[in-house]
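Structure first, then comments.
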Ligand SMILES: [Cu+2]
């Protein structure tokens, strides 16, 4: 299991974070309970199984719902 912190462009309203959270929870390999989107810091934290999903795929899922990823850190 890996842990990711993803910095996004500034979110403009709280419903943005709900949209992102829902999209990420649908991804195979992402630990659903670990997904937390902070509206105030425009940041996502989550744990994922690197055998099932890549950080690139996670970033893509955020992109697909309309938000730009600035940088990600995985450890
Ligand atoms: Cu919004």
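The values are calculated or read from the model by the stated rules, or taken from the named source; none is laboratory data. For clarity, every value in this text was computed on a predicted model and none was experimentally measured. Positions of Cβ are backbone-derived with ideal geometry, glycine not excepted, and every protein chain shown enters the neighbour counts.
What the table below lists for this structure:
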{"item": "Residue 43 within 16 Å of the ligand (Cβ to nearest atom) and surrounded by 15 or more Cβ atoms within 10 Å (Cβ to Cβ)", "result": "yes"}
{"item": "Hits in the stretch 26-40 (condition: surrounded by 15 or more Cβ atoms within 10 Å (Cβ to Cβ) and either modelled with pLDDT under 95 or touching a helix residue (DSSP H, G or I) at 6+ places or on another chain (Cβ under 7 Å) (or both))", "result": "27, 30, 35, 37, 39"}
{"item": "Members of the stretch 1-55 that are assigned to a loop (DSSP other than H, G, I, E, B) and touching a residue at least 40 places away in the same chain (Cβ under 8 Å)", "result": "1, 9, 11, 49, 50"}
{"item": "Identity of the residue in the stretch 3-26, under 10 Å from the mean Cα position of the chain (by Cα) and more than 17 Å from residue 74 (Cα to Cα), that ends up farthest from the ligand (Cβ to nearest atom)", "result": "25"}
